[in-house]
Each structure stands twice: as C-alpha cells, then as structure tokens.
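The values are calculated or read from the model by the stated rules, or taken from the named source; none is laboratory data. Fair warning: this is a prediction, and the values are worked out from it, not measured in the lab. So basically every Cβ, Gly included, is an ideal-geometry build from the backbone, and we count neighbours across all protein chains shown.
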Amino acid sequence: MLKKIQPFNPLSNYNLAIKKLKSHNIRPTKQRMVLSKILFEKGNKHITAEELYEEVRKQERKISLATIYNTLKQFCKLGLLKEVIIDQNKSIYCSNNKQHYHLYIEDENKIIDIPHNKINIDFNVPEIPACLNLHNVDIIIKIKTKNN
Ligand SMILES: [Zn+2]
C-alpha cells in the first residue's frame with residue numbers, strides 16, 4: 001500500500017514549535033523533535049512528564065525522564081506549553097496556546113479546557129498596584145465525581 005504523503009504545512013503546530021526553537025537559537029535536536037512531534041502534531045494535548053516518557057518508549061526511542069523534564073520546562077519558557085500545577089507532586093502540560101482555564105476531575109485524573117470567556121473574572125481581580133502589571137490569571141477548578 002502506498003504511504004499517504006503528508007504535505008508540508010509551515011503553519012502546523014509542530015512546525016511552528018520548531019521555528020520558535022530556532023528563533024531562540026535552540027537547536028532542534030532529534031530528542032526535541034521527537035518530543036515536539038508527540039506534543040504538537042495531533043491537536044491540543046494535556047500530558048504529564050511520565051506519560052510523555054511512556055509515549056517516547058512506545059515509539060521505541062530513548063529519552064531520559066530528566067531530559068523530558070528539562071525540555072518541558074524549556075517549552076513552557078518559550079510559551080509553547082503551559083504548565084498546569086495540580087499540586088506539589090503533579091503538573092500537567094497543556095499544548096493549547098489559546099487563553100483558557102482548566103477543569104480537573106480529581107478522582108478520574110482528567111483535565112478539560114474551559115474557554116476563557118466561560119468564566120467572568122473581571123469582578124474579582126484585586127486592584128493591582130500601579131507599578132505592576134497583571135500578567136496572567138490562571139484558574140483550575142477541581143471537581144470530584146459524586147460517589148467519591
Ligand atoms: Zn489546557
């Protein structure tokens with residue numbers, strides 16, 4: 001069977017991510033490319049470092065967990081990913097680069113995006129001192145299923 005040829009799309013999230021690395025003088029190494037493919041190629045994703053490690057392993061590639069953590073940190077710094085801190089032991093990385101909030105179902109360990117226009121925060125943001133700028137508002141709503 002013929003392999004379907006994927007046309008090169010310079011605007012795919014994967015290609016945009018690689019472009020961003022290059023524009024910050026970060027070399028798109030094989031490891032960074034493998035991780036970028038998993039993170040950005042198939043639409044928006046929520047993934048932990050351990051799950052990413054597992055996906056790399058399934059593709060029969062080897063990238064250490066330490067490298068994965070470092071790369072995730074680097075991608076967050078570049079604005080390619082958003083770290084959603086669930087608690088001190090758990091972070092989920094989100095590749096949706098549109099402004100949004102999160103709904104986290106604790107007992108199912110599931111995270112869902114909430115479009116930012118679904119939450120009205122205007123009335124509750126405390127006054128910001130004149131010398132400071134509001135940079136970001138992050139909201140995680142944590143819920144549990146009813147029988148837990
Ligand atoms: Zn998200």
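For PRO28, indicate whether it is over 20 Å from HIS102 (Cβ atoms), in contact with a Lys or Arg (Cβ under 7 Å, 6 or more places away or on another chain) and assigned to a loop (DSSP other than H, G, I, E, B). Full working, then the answer.
Working: over 20 Å from HIS102 (Cβ atoms): yes; in contact with a Lys or Arg (Cβ under 7 Å, 6 or more places away or on another chain): yes; assigned to a loop (DSSP other than H, G, I, E, B): yes.
So PRO28 passes the test.
Which one of ASN117, ASN147, ASN44 is within 13 Å of the ligand (Cβ to nearest atom) and not in a strand (DSSP E or B)? Answer to the selection: ASN44. In the range 87-108, how many residues are in a strand (DSSP E or B) and surrounded by 13 or more Cβ atoms within 10 Å (Cβ to Cβ)? Here the count works out to 11. Remark: LYS90 falls outside the filter, which requires a residue to be without any contact (Cβ under 8 Å) to a residue 12 or more places away in the chain and either more than 10 Å from the ligand (Cβ to nearest atom) or in contact with a Ser or Thr (Cβ under 7 Å, 6 or more places away or on another chain) (or both). When ILE63, ILE68 are screened for being within 18 Å of ILE18 (Cβ to Cβ), away from the ligand (no atom under 16 Å from the Cβ), free of Cβ contacts under 8 Å to residues at least 60 places away in the same chain and touching a Phe, Trp or Tyr at 6+ places or on another chain (Cβ under 6 Å), only ILE68 passes. Can you work out which of the residues in the range 47-77 that are at pLDDT 95 or above and part of a loop (DSSP other than H, G, I, E, B) is nearest to the chain's Cα centre (by Cα)? Here the residue is THR48. Looking at (1) modelled with pLDDT under 95; (2) not in a loop (DSSP other than H, G, I, E, B), can you tell me which one PRO7 breaks? Against the list (1) modelled with pLDDT under 95; (2) not in a loop (DSSP other than H, G, I, E, B), PRO7 comes up short only on (2). VAL125 satisfies every condition listed in (1) in the same structural domain as LYS37 (by TED's automatic domain parsing); (2) surrounded by fewer than 10 Cβ atoms within 10 Å (Cβ to Cβ) except (1).
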